[in-house]
Amino acid sequence: MKRTYLLIPAVLLLCAAVFLCGCTTTESEGPVTTAPTTAAPAEITGTVTVFHAGSLTAPFEDMEKQFEAAYPGTDVQLVPGGSTKMVKEITELGKSADVLASADYTLIPSLMIPDYTDWYVTFAKNQMVLCYTDDSKYADEINAENWYLILEKEDIAWAFADPNVDPCGYRTPMVIQLAEGYYGDNELFDRIVSANSNITVTEEGGVYTIHATSPEPVGTLQIRPKSVELVQMLESGGLDYAWEYRSVAVQNGLNFVELPEAIDLSAVKYADDYATVQIDTAGGLIAGKPIVYGATVPNNAENPDAGLAFVEMLIDTPGQDIMNAQGQPPIVPAGGFGNVPAELKDLTESS
């Protein structure tokens, strides 16, 4: 069953680029407000606990307002964090969540299915960028061709998230390793990452394995548990450069270097190239792949009906408009995997 929402003036631009399994993305400009055409179902009430990737904070704050307006008897509680950590809060610590939204959709099938859920949807994509401010050293020089040379300088401070707890963190070394091939510099990773941490890389059969179970940053590099923490450090002048998702950069008004698709983990057409890089973390081996977000309602949800309604709104027009407005293209229609609930069937495309 697909609920109907009334859109109050919005600009919706359709993009023809194929993204995932035949899905497309849409983009729009400006804030969008929606309201339900009918009274909210009486059964959708109570607290709705949403565990989500830190990079979803801004759009999910908008989702919270939309959802509570559509379902007046609800109280959405957002719990942001590194995606790996949030999944393990459920699977290892037994914490309850009504929605789990991850910045890496593969964490759901690999860590949650079959014991903690039997379905998930893919609903948005992103790309890796290198962020900075007007006050960053070499801000007037850095670009897509020389960024790695800037990061080699000894008078800067730069950072990324912990590869063991945050997908943005384990994607950063992947991007830097992919850059070796793109720029034709096979010592790039060693000079930037290994020289400033305990993170190393080995190669076998054309596949590069990054070893990051114990990062131990030194020198010019800093590593923090969550990528969103780096935004404040940039804004306060504590960092010159930080690796983030493009959506986070847009939402926070940061300058950023937009990297080639061949290395920024954004394009399905480069999926085979991304797969030549993998990273060994405390949670296991993770292969490079396009950045795709996933969501599900865990089996231990205390308010599963409300959780399902939240996911339904997320992948329907209201959620799509919010994601677009926050610089994070939605996947339309959302991908549906496993035993997708009937309420979501009309809004998803099965693979």
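Summary of values
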{"quantity": "Qualifying residue in region 279-294 (condition: among the polar types (S, T, N, Q), over 30 Å from Phe189 (Cα atoms) and in contact (Cβ under 8 Å) with a residue 24 or more places away in the chain)", "calculated": "no"}
{"quantity": "Any hit, region 221-228, residues being farther than 16 Å from Asp166 by Cα and touching a residue at least 40 places away in the same chain (Cβ under 8 Å)", "calculated": "yes"}
{"quantity": "Which listed residue, of Gln251, Gln232, is in the same structural domain as Leu178 (by TED's automatic domain parsing) and free of Cβ contacts under 8 Å to residues at least 24 places away in the same chain", "calculated": "Gln232"}
{"quantity": "Residue within region 202-216 that is at pLDDT below 95, in the same structural domain as Asp135 (by TED's automatic domain parsing) and not in a loop (DSSP other than H, G, I, E, B) present", "calculated": "no"}
{"quantity": "Subset of region 113-133 that is hydrophobic (A, V, I, L, M, F, W, C) and buried (at least 22 other Cβ atoms within 10 Å of the Cβ) - its residue that is nearest to Leu344 (Cα to Cα)", "calculated": "Val121"}
{"quantity": "Among residues of region 149-174, those that are crowded, with 19+ Cβ neighbours inside 10 Å and within 19 Å of Asn198 (Cα to Cα), counted", "calculated": "18"}
{"quantity": "Options Lys65, Lys88; residue that is of a type in the set (Lys, Arg), free of Cβ contacts under 8 Å to residues at least 60 places away in the same chain and farther than 27 Å from Leu178 by Cα", "calculated": "Lys65"}
{"quantity": "Within region 337-348, tally of residues that are of a type outside the set (A, V, I, L, M) and part of a helix (DSSP H, G or I)", "calculated": "3"}
{"quantity": "Within region 75-91, tally of residues that are part of a strand (DSSP E or B) and buried (at least 21 other Cβ atoms within 10 Å of the Cβ)", "calculated": "1"}
{"quantity": "Odd one out for Ile223, checked against (1) over 18 Å from Leu259 (Cα atoms); (2) among the aliphatic types (A, V, I, L, M); (3) surrounded by fewer than 16 Cβ atoms within 10 Å (Cβ to Cβ)", "calculated": "(3)"}
{"quantity": "Top-ranked residue in region 232-248 [being buried (at least 16 other Cβ atoms within 10 Å of the Cβ) and out of contact with any Leu (no Cβ under 7 Å at 6 or more places or on another chain); ranked as modelled with the highest pLDDT]", "calculated": "Asp240"}
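The values are calculated or read from the model by the stated rules, or taken from the named source; none is laboratory data. Everything quoted here is computed from the prediction, not taken from an experiment. Using ideal geometry, Cβ is built from the backbone for each residue, glycine included, and neighbour counts are taken over all protein chains shown.
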